Each structure stands twice: as structure tokens, then as C-alpha cells.
Amino acid sequence: MKTATNYPSSTNKLTVRALRVKQDGKIPVFSLFMTAGDLLRIAEISRIKRNKEGELLGYQRKQVSTHVDEITQYVDSTEVVFPNAIILAFGSQVKFKKGRGPQIGDAGCDTGSLEIPCDPNEPKVAWVVDGQQRTLALSKAKNKSLLVPVTAFVSDDFEVHRTQFLLVNKVRPLPKGLINELLPAINVALPPSLSKNRIPSYLCDLLNKDPDSPFYKIITRHTTDQRENRSAVIADNSLIEVIRNSLNQVHGCFYPYRNLASGEIEVETIFHLLKTYWKEVKKAFPEAWGLKPHKSRLMHGAGIKAMGNLMDRILGVLSPKDPELEVKIRESILKIKPVCHWTEQTWESLGGIRTKDIQNTHSSINLLTNLLVRAYAGIEEE
């Protein structure tokens, strides 16, 4: 059999014509075409998940079956036009051979052939960075001879794959949970819109993994399997937002632990303060801690964010080195206990408003925050 690239194809190696482009970095980039059948021989989809040790694996989101089915029907129809390139990450096993004869005029480009191992008994050497739904559709389609445009780069570093995945999908929004869970695993420069959540997401990850943390295994992340971990009740987005605001806003309690001049952040100090504060919250409201959000507004986005706003007030005047830090936080939290009705049907301290009407909205969060801050300040409700 011959591929559409006019190079002979073998069981263990695929050779395709390719254009190599030299960009600013050391990572080579290629542009090529291959049949849908050949694409499936060399590439796999690395879905985001965690192993038994909690280590993050992969990066791709879940399959969207309806989208895949629509693309499959189109690929098997007549007069197919498939101009959108699949982006692949190749392992270093692929080899580029520069072609003989005249080259393209641009100094940064070389034409030649790319030799790609595809031994069916060995792991595949390419990963789909962008275009997983299209790749899945091609795997289901009958038309395996369709020529598919591919843009590829070569790197064995999974961090590079994840970074490109996030950057490529920046204009096509990914689920927030997926982005937040990937960010701590990336250590290269990112756009401000992504980098602002990196440290908050990392701290959220630590809080969820540390057995000494009040949030141990109760934070829902993108990879959380609710069937296996039914104790996960707090959305990571809410907690990440709390940490981000406390870190980036001038009045935030973690703002002093961020050095804008050097870019350094005292992560260990912030983690210590987070654990200490929320431990006291858990102790003060044991009946409301760890329940599903519909049973406890403390575990709801509105409750987490309102208590986060109160955290800025309390920790903002305390030192992490204070030997009485726990006691002072406990005394502060106990001031608000009389006005809190996390698990009750109504909030008498808010004029009898129904608990289910307290939602994860600015108005509800502000209302709840105002109540907690006034109670903390000792202002009695009339």
C-alpha cells in the first residue's frame, strides 16, 4: 500500500513529506499531511486523570459524543473539506531527513521527509494536543483515506504538551476545572489570564492532598470521580477564587506575602495560614462541614466566598508567627457563630430569607459577607 505522500509505508515505520520550520525556540515545528488511517496508527489521546498516588496524568478533556458524531457524518459525506490542522506532539523517536535539491526560499524552512515509528507492539509516538474530537471522529469514520492537515512539534516533555494545550485552547474556552487542575503542573511563562490562577490552584491541590488539611479529599476537581470519592463536596473554582482574591487584591490577607518586585510568593506561609483559618472554621461549625452544598451553605460557593472575605479581615491583622494565632482566629470565628444558620431552612439573621435562595451570586455573597463582617466587628443587628 502507498500513502498519499508517495512514500512507501511499512508496518513499523511511516514516512511522510514534511516542511520543517525553525522558530525562535529549540523545539522544531512541522507541517504535513497524512491519511486519517495513518494518523490513527501513530497518535493517541492523553486524557487528564490522576493515578493512585494522586499524580496528574494527561491533559485532554472528556469526549463530546454529539460533536464527534457530527464530524464523523461529515467526513463520510461527499465533497469533504477538512482544512483545520490537527496539532500533534511527537516524541524524539521521529527523524527528519532534509530533502535533496532546491529548498524553499525562506531561510527558516526546510523540506524533506519525516520518519515516524508506528510499531503496533510499541507505545505510540505522538499525542493529540489539539483536535481530539476530530481525531475521534476520524477513528469512527469509514473514510480512512482522507488527507488530514497536521501541525506538529517534537518534545518528550509533557509539560510542553500541557502548555501548548492550554495556549491553543485559550480562545476556545476549556472547562475552568480542567484549566485549574493543569496549571500547577506547568512551570513556564503563561499569559496573565492563566498565570493568575497557578499558585491558587497549586494551594488548592495541597489543601486537598494534605491529611492535616480541613479540606482533605473534600474538594471536587476536574478529575474527581464522584462515584469513588463521594466526600468531595467543595467546588475547586470557589476556593481558588478566594485564594486568588486574597493574594492579588491590595486589601487581601495574602497580599503582603507576595513580592511584586521579585515575583516571589511565600507559598508555605500562605498554606499555613489557610490551614489554620479553615481548621477553626471546621471546629466552629462541625455540623455543617463536609455536607453537600444543598445541605450546608458553608460548603456552597456563596459560603466559601463569604468566609473567604471574612478571612481577609481576620488574618489581615494577625501575624503567621504569632504563638496565639489559632486562639485568636478561634475567638474571631466564634463571634459570627450566633448569626450563622448554614444547615437550617431559613436565615433569621437575614430577615428570614430561605437558605436555598442564597446562591453563588454577587448579591448573595455580598449579603452574607456583610452579615459576617458586622458580627465580627461586634455590630448588633436591630
Open item on the list: Taking the Cα centroid of the stretch 67-98 and of the stretch 114-128, what is the distance between the two, rounded to the nearest whole Å?
Closed with: 15 Å
- [ ] Compute the signed sum of charges (Lys and Arg +1, Asp and Glu -1) over the other residues within less than 14 Å, Cβ to Cβ, of Ser155.
- [x] -1
Task: Exposure proxy order (Cβ contacts within 10 Å, fewest to most) of Ser139, Ser262 - done: Ser262, Ser139
Open item on the list: Give me the net charge for the shell around Lys98: Cβ to Cβ below 10 angstrom, other residues only, Lys and Arg +1, Asp and Glu -1.
Closed with: +2
Open item on the list: For the pairs Lys217/Lys321; Lys279/Lys335; Lys305/Lys337, flag any whose C-alpha to C-alpha distance is greater than 26 Å.
Closed with: Lys217/Lys321
TODO: Putting +1 on Lys and Arg Cβ atoms and -1 on Asp and Glu Cβ atoms, find which of Leu206, Trp289, Trp342 reaches farthest to the positive end of the dipole of the stretch 189-376.
DONE: Trp342
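Note the direction-averaged projected area, equal to a quarter of the hull surface, for the Cα convex hull of the stretch 189-376, in nm².
So the Cα hull casts an average projection of 11.1 nm².
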Task: Local electrostatic count at Glu287 - Lys and Arg +1, Asp and Glu -1, tallied over other residues with Cβ under 13 Å - done: +4
TODO: Kindly provide the GluC sites (Glu not before Pro) of the stretch 266-344 that DSSP labels as loop, not H, G, I, E or B, and whose Cβ sees at most 16 other Cβ atoms within 10 Å.
DONE: Glu266, Glu287, Glu324, Glu344
Open item on the list: Within 10 Å of each candidate Cβ there may be at most 15 other Cβ atoms; applying that plus a DSSP loop requirement, which trypsin sites (Lys or Arg not before Pro) in the stretch 268-319 survive?
Closed with: Lys295
- [ ] Provide Ile234, Ile353 in ascending order of the number of other Cβ atoms located within 10 Å of each residue's Cβ, fewest first.
- [x] Ile353, Ile234
Open item on the list: Taking every alpha carbon pair in the stretch 270-373, what does the distance histogram look like in 5 angstrom bins from 0, in percent?
Closed with: 2, 13, 25, 25, 18, 10, 5, 2, 0
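Read the figures in this text as sums done on the coordinates, not as results from a lab. Just so it is clear, the structure is predicted and the values come from calculations on it, not from any experiment. Because the Cβ atoms are built from the backbone with ideal geometry, glycine has one as well, and the counts that use them run over all protein chains shown.
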